[in-house]
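All of the numbers you see were taken from the coordinates with simple rules; none came from a lab. These numbers come from a predicted model, not from an experiment. Quick reminder, even Gly has a Cβ in these numbers, built from the backbone with ideal geometry, and neighbours come from all protein chains shown.
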């Protein structure tokens, strides 16, 4: 289970799992605070093993080192620097609790969903960070208390929370572990990020 800082109004948790037989995971998740906002990134280094792990770590370091820069610009900057790696798929998001908005920039095989009164699903734009990107378009959506945001790498089958018990949905740590068990593939690295919005 991945660890990160506690952020008022949000409960965040993540889980990753390494491809069987490998010692390094190419799927990674991180989250942190910048001012009053929460930033998070889920990365899938291409393939698996040490080279995928290196690509994922490189991307996380690059986006974390650009405080105050918009999600699309951070991924675009990482794309230019990561040409020496095998590249990665990634989703980078800014959560603004005061405005109750989420802004997401995503590239490649990362999927996500905001489970709310009406579920909103989204995918990364075609491409690979580190292989040259077309201009990225951010997605900005509003959230409400009790909504749940989930992002996952292609190591998981498409996630659906409709059949899951409310007590699991409201605890991001339990939810991340549950989704990994229920939807995780044995044929790839896996990563899932869960965010529960509180009143």
Taking N as the number of residues in the range 10-197, what is its Cα Rg relative to 2.2 N^0.38 Å? 0.95
Tell me, what is the FRET efficiency for residue 187 and residue 131 to the nearest 0.05, using R0 = 25 angstrom and their Cβ-Cβ distance as r? 0.65
Rounded to the nearest 0.05, what FRET efficiency is calculated for residue 122 and residue 6 with R0 set to 30 Å and r the Cβ-Cβ distance? 0.70
Checking 68, 80, 130 against a Gaussian network model of the chain (alpha-carbon springs below 10 Å), the top fluctuating residue turns out to be 68
Tell me, what is the percent relative contact order of the range 17-73, built from C-alpha pairs under 8 Å that lie six or more residues apart? 31 percent
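Quickly estimate the mean residue ellipticity at 222 nm for the chain, helices only: each DSSP H run with n ≥ 4 gives -39500 (n - 2.57), and the total goes over all residues, rounded to 500.
Numbers: 4 runs with 42 residues, N = 199.
Mean residue ellipticity, 222 nm, calculated: -6500 deg cm²/dmol.
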Please rank 54, 48, 84, fewest neighbouring Cβ atoms within 10 Å first, as an exposure proxy. 84, 54, 48
Using label points projected 7 Å from each Cα along Cα→Cβ, tell me how many nm separate residue 83 and residue 171, to one decimal. 4.9 nm
Between the range 104-124 and the range 1-32, how far is it from one alpha carbon centroid to the other, in angstrom? 18 Å
